[in-house]
Amino acid sequence: MSEGLRLLMAQVDDVPGELMGEFITRAEALGARNVQIVPSLTKKNRPAYLVYLDVPAALEAAAARLLGAELGCWGYRVIAAEHRHFDIARGTLQLTVHRGGVTEMATLRVKTIADGDERLRVKAEHDDLSAICAAFRAAGAELPLAVLKAAVESRLNVNVPDALELAL
């Protein structure tokens with residue numbers, strides 16, 4: 001296990017979803033690298049959650065206190081894990097999208113995931129795509145986020161240009 005990180009897991013069976021949202025917000029503010037909440041069923045078919053927190057080792061005690069205070073956890077597990085990273089490169093490109101008589105231009109942030117020299121995938125930044133869709137709505141043209149994301153990423157996973165123009 002990496003000495004710098006801890007993967008904490010807790011089982012929660014008596015917390016409503018609204019409190020889970022507050023917990024996620026507080027865990028992120030604390031410095032959790034990742035927060036995963038997985039719905040589950042316990043004995044007697046009770047609804048529950050499995051909570052996973054990826055935190056720096058120095059924050060384990062604070063994260064544990066948050067689990068106890070916010071979620072009423074009786075304890076937690078530290079799971080031996082080692083995270084392996086791919087090579088991530090960040091970049092930008094100029095995106096022009098035409099749809100329904102409307103044209104929007106924006107700078108789009110992208111992440112390229114690679115394993116050495118092999119490009120595995122290119123992902124467009126969600127917030128940028130969402131802003132483009134909002135601009136289309138404001139101009140009176142509907143562009144679903146899923147449609148834009150699929151169109152952009154399908155082209156980027158073939159080639160990563162400096163500029164991309166789409167007619168959707």
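Read-outs: derived from the displayed coordinates by stated rules, not from any lab. Keep in mind that what you see is a predicted model, and the values were worked out from it rather than measured. Note that each Cβ is placed from the backbone with ideal geometry, even for glycine, and that neighbours are counted across all protein chains shown.
What to note about this one:
- Gaussian network model of the chain, Cα within-10 Å springs - most flexible of Ala32, Ala57, Ala138: Ala138
- For the pair region 14-38 and region 114-150, the centres of their Cα atoms are 26 angstrom apart.
- Dipole moment magnitude, nearest 20 debye, region 17-168 about Cα centre, only Lys, Arg, Asp, Glu C-beta charged: 560
- Estimated vicinal HN-Hα couplings, Hz - region 8-19 in sequence order (Karplus 6.51, -1.76, 1.60; Gly, Pro = x): 9, 10, 9, 9, 10, 10, 9, 10, x, x, 4, 6
- Length gained when the stretch Ala80-Asn34 is fully extended (0.36 nm per residue, less Cα-Cα span): 15.0 nm
- Selected from Val38, Val110, Val51 as most flexible by GNM, with the chain as the system and alpha-carbon contacts under 10 Å: Val38
- Taking amide H positions as modeled 1.01 Å from N, with prolines and chain starts lacking one, the residues under 5 Å from Cys73 and 5 or more places away or on another chain are Gly68.
- Note on the chain: helix-only mean residue ellipticity at 222 nm, from DSSP H runs of 4+ residues weighted -39500 (n - 2.57) and normalised by residue number, equals -9500 deg cm²/dmol.
- Relative contact order %, the chain, counting alpha carbon pairs below 8 Å whose residues are six or more apart: 20
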